[in-house]
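Everything on this sheet refers to the single structure shown next.
The values are calculated or read from the model by the stated rules, or taken from the named source; none is laboratory data. Small disclaimer: the values here were computed from a predicted structure and weren't measured. Using ideal geometry, Cβ is built from the backbone for each residue, glycine included, and neighbour counts are taken over all protein chains shown. The accessibility values were calculated without ligands, DNA or RNA, using every heavy atom of the protein model including side chains. Shrake-Rupley method; radii C 1.70, N 1.55, O 1.52, S 1.80 Å.
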Amino acid sequence: MSDKGKRGGGSRGGAANRGGRHGGSVGRDGRQAPARAADQGGRSVDGVGKEGRQAPGGAGDRGRASGGQQERGQSSGATVRAESRGRGAAGGRGASGAVGGGGARSRERGEGEHAVGGRPQGQPQHARSAGARERRQGEAPRRIAGVPVAVGDSVVIDVVGMTHEGQGVGRVEGYTLFVSGAVPGDRVQAEVQSIGKSFGRARLAALVAASPDRIAAPCEIYEACGGCQLQHWGYAAQLRWKREHVAGVLARIGKLPVAPLEEAAGEAGGPGTADAAQAGVREIAPDAGRAPVVVLPVIGMDEPWRYRNKAQVPMAAGIGGHGLIGGFFEQGSHQVVDMEACLIQQEQNEETVRAVKRIARSLGYSAYDRATGRGLLRHVVVRHAEATGQRMVVLITNGRDMPHADELCGLIRQDIPGVASICQNINTSATSQVFGEETRVLWGDEVIYDEIGGITFAISARSFFQVNPTQTERLYRTAVDYAGLTGEETVIDAYCGIGTITLFLARHARRVYGVEIIPEAIEDARRNALLNHINNAEFAVGPAEVVMPQWQAEGVAPDVIVVDPPRKGCDPALLATMLELRPARIVYVSCDPATLARDLRVLEDGGYRTVEVQPVDMFPHTVHVECVVGICRVDT
């Protein structure tokens, strides 16, 4: 689950159908929705090719990795039967009609960030369907020569894999279909919505046989909200799939030799688990003289709920343009749906958001309207510091004027226990960026304080701070372990943010240098170092690829470089700089396996070897997974 939050906000948008939202579909937890008349046709087909085509794991996935690398939903052969094939001019629906998929959405999502629940999911607008791109005009085709299915066909398929977006993968005569709402192990009846030469998309029309890992999603608004993609899949299965996803991407995009699953973890096979063919993990023979990369089992949570310490809530007018609501973006639109509860948010955040909405309504605040550019309140962002109990409220407004500011602050202090900071952020841009450049304190302190691993952090309104404190400590301790510090090393932390990893490293190194392009983050980092009486850390503002050579000219020779880039991965210039500095070890903390694999390939070609990868589940019930990677120079 944007570039990371420290890079600023992103936009989110529509989603492909996931089942349960349109007539005749089935919810992701397997419940049948009211049926819609399906097209009826003629012939049936039994069996598929053993290998089939390898299809991208999402239309428009280019851009996640450079060089046109694409996610691929690969799977082994599956039995498929065409139930009905409405192929005549009168029989099928055009893709621009009810079975057309897609809407606009953002591909960048920092730290699994979303508005309490909203997430970008489905097809990007620029990739309406492969067929539309291939035709370069008009609506997507209903039929393509050589493709065994047509738009409107109803097929029964076994789901044997999952894409990086959380869509089930099945095959018809070797042709790949992505089925929203399906999970590995399901047998589903799917209605084809769009097709291209190499893959198509379908909606889950009926659940023929449920996967043993399928469960009923506990969240009452799961079908409407886009914040989680995997609540209808058992948590153990989620963890197994995330490990496979990482291993598969490293093999496909990074061209890295990956250790077989049984060597890495001794995991048993099963639908969506350790079967490498099902998961699309292509084991590559090791290079002569080098061991394969070990991808360890994912570090999961004992209790994978109520973990988010930050909520980011879009605001909108109520029914008929009156009143004020706030919650999440409904799938497939920018329509805000009011929400009172979210099972992945800490309960303190829910309580704070409810109180702020109630107070804003009582003061007559209007919601910002993107279409007209009018209205006051754009977002409400709340934070809860688990270690100290402090809370922060940030109201993001369309202009500096804040009516009834004193009354607002008084009511918030009265109704919200533990509130220590009330801020206003001004954003008058016409973009979907959440934060503007100016933040002012309305009451209290400009920061709240939280603690991770014995280190205290001051967190301001726009600070990037990991949203899952339990898993963050595990993530950072793994990074320190991979750095292999003895107390004598010089370490550079690129993309250091507010100094979270830097200060963990400083307790084990001789000296640590942190660099970050955002000045406010460096101010926070320096404050955090003083707060923790850490005097062996130095921070600088600027692009890492510019600052690091300056440090080298001053005599700084890093033994270890740690990078924690946004979703887009490391800047190519930074990778080149690291290769020039030639540290003995590199630790890469990644929030996107595809760009991680791309960057590892560059480092491997530059004289380094990827040794071990530890995935960490920072965002349970979503498709996102973070990784810590240990990398060493070949001559060490």
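Can ILE221 be described as closer than 30 Å to CYS342 by Cβ, modelled with pLDDT under 95 and open to solvent by 10 Å² or more (accessible area, probe 1.4 Å)?
When the stated conditions are applied, ILE221 passes them.
Restricting to the range 483-516, what's the tally of residues that are at pLDDT below 95 and either surrounded by fewer than 17 Cβ atoms within 10 Å (Cβ to Cβ) or of a type in the set (Asp, Glu) (or both)?
Count: 0.
One residue is enough: does the range 392-407 have a residue meeting the conditions at pLDDT 95 or above, touching an Asp or Glu at 6+ places or on another chain (Cβ under 6 Å), of a type in the set (A, V, I, L, M, F, W, C) and surrounded by fewer than 23 Cβ atoms within 10 Å (Cβ to Cβ)?
Among the residues of the range 392-407, not one is at pLDDT 95 or above, touching an Asp or Glu at 6+ places or on another chain (Cβ under 6 Å), of a type in the set (A, V, I, L, M, F, W, C) and surrounded by fewer than 23 Cβ atoms within 10 Å (Cβ to Cβ), which makes the answer no.
Restricting the search to the range 416-470, which residues are on the phi > 0 side of the Ramachandran plot and touching a strand residue (DSSP E or B) at 6+ places or on another chain (Cβ under 9 Å)?
GLY418, GLY444
Restricting the search to the range 468-498, which residues are farther than 25 Å from ARG383 by Cα and outside any helix (DSSP H, G or I)?
GLY484, LEU485, THR486, GLY487, GLU488, GLU489, THR490, VAL491, ILE492, ASP493, ALA494
Table: residues versus (1) among the polar types (S, T, N, Q); (2) within 30 Å of ARG601 (Cβ to Cβ); (3) under 22 Å from the mean Cα position of the chain (by Cα); (4) open to solvent by 10 Å² or more (accessible area, probe 1.4 Å).
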| residue | (1), (2), (3), (4) |
| --- | --- |
| PRO148 | no, no, no, yes |
| ASP186 | no, no, no, no |
| VAL208 | no, no, no, yes |
| ARG243 | no, yes, yes, no |
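Just checking, which of VAL294, VAL313 is farther than 30 Å from GLY389 by Cα, buried (at least 17 other Cβ atoms within 10 Å of the Cβ), at pLDDT 75 or above and touching a helix residue (DSSP H, G or I) at 6+ places or on another chain (Cβ under 7 Å)?
When all the criteria are applied, what remains is VAL294.
Test ALA420 against the criterion of being more than 19 Å from MET315 (Cα to Cα) and surrounded by 22 or more Cβ atoms within 10 Å (Cβ to Cβ), and give yes or no.
So ALA420 does not fit the description; no.
Please note which strands (runs of 3 or more DSSP E) are completely contained in the range 542-636 and include at least 3 residues that are farther than 22 Å from GLY514 by Cβ.
Filter on the range 542-636 gives 608-616.
Could you list, in sequence order, the residues of the range 499-515 that are farther than 22 Å from GLY555 by Cβ and not in a loop (DSSP other than H, G, I, E, B)?
The answer is THR500, ILE501, LEU503, PHE504.
Please name all residue pairs, on different chains or six or more residues apart, with Cβ atoms under 7 Å, provided the first residue is in the range 159-175 and is more than 16 Å from LEU239 (Cα to Cα) and the second residue is basic (Lys, Arg) and open to solvent by 10 Å² or more (accessible area, probe 1.4 Å).
Filtered contacts from the range 159-175: GLY174/ARG53; TYR175/ARG53.
Pairs, please: C-beta under 6 Å, at least 6 apart or cross-chain, first residue open to solvent by less than 30 Å² (accessible area, probe 1.4 Å) and in the range 520-545, second at pLDDT 95 or above and of a type in the set (Lys, Arg)?
Between residues of the range 520-545 that are open to solvent by less than 30 Å² (accessible area, probe 1.4 Å) and residues that are at pLDDT 95 or above and of a type in the set (Lys, Arg), the close pairs are ASN536/ARG511; PHE539/ARG526.
Taking the criterion of being closer than 24 Å to ASP369 by Cβ and either modelled with pLDDT of 95 or more or in contact with a Pro (Cβ under 6 Å, 6 or more places away or on another chain) (or both), would at least one residue in the range 440-448 satisfy it?
Scanning the range 440-448 turns up at least one residue that is closer than 24 Å to ASP369 by Cβ and either modelled with pLDDT of 95 or more or in contact with a Pro (Cβ under 6 Å, 6 or more places away or on another chain) (or both).
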